[in-house]
Ligand code: PEP
Ligand code: MN
């Protein structure tokens, strides 16, 4: 169903009047995790100030260590929604448990399924049964074929509002957090009719590579870019080293505008 062979025209996912996969690329930005009302409010204000329409922020964080900050859960979704409403932004957050999808639909405009859950088939099936767009991220070590089949699980269960997100894969290379598979973008666009985003924060894990990675993503045909921004990255409860501060975020957006690839 997700195959280009089954549908020739591109799927456009429209969220509050904004098209993902339409004529213009979009940016999604926000903190790694929702930490407090003040933090998410400040981030939302900065995201809005740069003219974006989409705010991200994790509430259920799939952390490597059980001792690390796990997110605020439903409270985090609520704070994210409130910030989104305050600034007129659509909100995106990750859900990790199929039992939370229904509850999360009350707060979110787009539900993210993260890399670690790309092949959580029960979660994918449940995501197929809800009526919210799903942002599906590529698994840590998933092939393109496995990624496409994961999207197929969602669509075959009834939900055709799917956005794919390349976020880097595991390789032997240690210079970046993951290896951004840039050719995944045109491949996914050839093989499927779905919109494709690139997460430059989790793929590179390096602030000095966000601009070139985002330019490459847009130049190769991505429908948008995701990046993390935090009012005070040094104090962030997760991904402290790779989130942009507001000054860096402003220059990130203006570099993309100057390149002519965005807006
Ligand atoms: C995220 O976007 O918050 C995240 C955890 O990313 P990923 O699932 O790609 O690691
Ligand atoms: Mn993060």
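Looking across 42, 46, 29, 59, one residue alone is crowded, with 17+ Cβ neighbours inside 10 Å, under 18 Å from the mean Cα position of the chain (by Cα) and more than 16 Å from ligand 2 (Cβ to nearest atom). It is 46. Checked against (1) away from ligand 2 (no atom under 16 Å from the Cβ); (2) crowded, with 24+ Cβ neighbours inside 10 Å, residue 220 passes all but a single condition, namely (2).
Take the residues of segment 153-194 that are in a strand (DSSP E or B) and touching a residue at least 60 places away in the same chain (Cβ under 8 Å): which is nearest to residue 127 (Cα to Cα)? Walk me through how you get there before you give the answer.
Just the residues of segment 153-194 that are in a strand (DSSP E or B), to begin with: 162-166, 169, 179, 192.
Still in the list and also touching a residue at least 60 places away in the same chain (Cβ under 8 Å): 162-163, 165, 192.
On the way: 162: 10, 163: 12, 165: 16, 192: 19 Å.
In this case the residue turns out to be 162.
Looking at the structure I just gave you, is residue 164 under 22 Å from residue 54 (Cβ atoms), surrounded by 22 or more Cβ atoms within 10 Å (Cβ to Cβ) and touching a helix residue (DSSP H, G or I) at 6+ places or on another chain (Cβ under 6 Å)? Yes.
Here residue 127 fulfils each of the conditions (1) assigned to a loop (DSSP other than H, G, I, E, B); (2) touching a helix residue (DSSP H, G or I) at 6+ places or on another chain (Cβ under 7 Å) apart from (1).
Looking only at segment 193-217, residues that are within 16 Å of ligand 2 (Cβ to nearest atom) and farther than 16 Å from residue 257 by Cα come to 12 in all.
Quick one: is residue 162 away from ligand 2 (no atom under 16 Å from the Cβ) and under 15 Å from residue 115 (Cβ atoms)? It would help to see each step written out before you state the result.
Values: away from ligand 2 (no atom under 16 Å from the Cβ): yes; under 15 Å from residue 115 (Cβ atoms): no.
Here the answer is no, as residue 162 does not meet what is asked.
Is it the case that segment 174-192 has a residue that's within 19 Å of residue 262 (Cβ to Cβ), out of contact with any helix residue (DSSP H, G or I) (no Cβ under 8 Å at 6 or more places or on another chain) and modelled with pLDDT of 95 or more? Yes, segment 174-192 contains a residue that is within 19 Å of residue 262 (Cβ to Cβ), out of contact with any helix residue (DSSP H, G or I) (no Cβ under 8 Å at 6 or more places or on another chain) and modelled with pLDDT of 95 or more.
The values are calculated or read from the model by the stated rules, or taken from the named source; none is laboratory data. Computed from a prediction, not measured in an experiment: that's the story for all the values here. Using ideal geometry, Cβ is built from the backbone for each residue, glycine included, and neighbour counts are taken over all protein chains shown.
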